[in-house]
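The values are calculated or read from the model by the stated rules, or taken from the named source; none is laboratory data. Predicted model only: the values in this text are computed from it and were never measured. Cβ placement follows ideal geometry from the backbone for every residue including glycine, while neighbour counts extend to all protein chains displayed. Ligands, DNA and RNA are excluded from the accessible area calculation, which covers all protein heavy atoms including side chains. Shrake-Rupley method; radii C 1.70, N 1.55, O 1.52, S 1.80 Å.
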Amino acid sequence: MRDPEMLERITARRAELDELEEQLAKQLAEVRAERDELAVAEGVLERMSKQLADERASAAPAPGQVGGQAVMLIPHRAPDVQETMLPPDYQRTLATVRQAAGPVMARQVGEVLGVDVSVRGRLEPLRGKLVRLADRGWLRKRPDGRFATRL
């Protein structure tokens, strides 16, 4: 004996459960998709963090080898590279140019730093430092051979 009212209730409940199952399956799919997106975002963040750390490490001055002798490499000027990362003699050279009233010649910088400017050979290493600082963005070299600070 089948009670028609009971069969109707069972059918109605089955329809409710089917609808609930469909909603839950949709929610589960959305949760899985979001979890996958988060995993991708986490991977991208990790890779970018590693790249940034590598870039910062490569921007730091590192001793190099020239002719079997250790030398300090001059880093390129960048927002995260501080002037204090330059070797002390480069810091003094940069400070001397900054203190000048305007663009200066290597000879003027040498006079302030106490270099014997009467001998051209003693001035050339200083000129090399000024050119390196200009090549790496710490100073600006003008067409007339004078050096000025960057704005």
Task: Options E34, E21, E5; residue that is loosely packed, with under 10 Cβ neighbours inside 10 Å and more than 30 Å from D80 (Cβ to Cβ) - done: E5
- [ ] Any chance you could count how many residues in the range 120-151 are crowded, with 17+ Cβ neighbours inside 10 Å, touching a residue at least 24 places away in the same chain (Cβ under 8 Å) and either under 12 Å from V109 (Cα atoms) or among the hydrophobic types (A, V, I, L, M, F, W, C) (or both)?
- [x] 8
Open item on the list: Which count do you get for residues in the range 97-119 that are among the β-branched types (V, I, T) and either touching a residue at least 60 places away in the same chain (Cβ under 8 Å) or open to solvent by less than 40 Å² (accessible area, probe 1.4 Å) (or both)?
Closed with: 4
Task: Condition broken by L94, with the remaining ones in (1) modelled with pLDDT of 90 or more; (2) surrounded by 11 or more Cβ atoms within 10 Å (Cβ to Cβ); (3) farther than 30 Å from G145 by Cβ satisfied - done: (3)
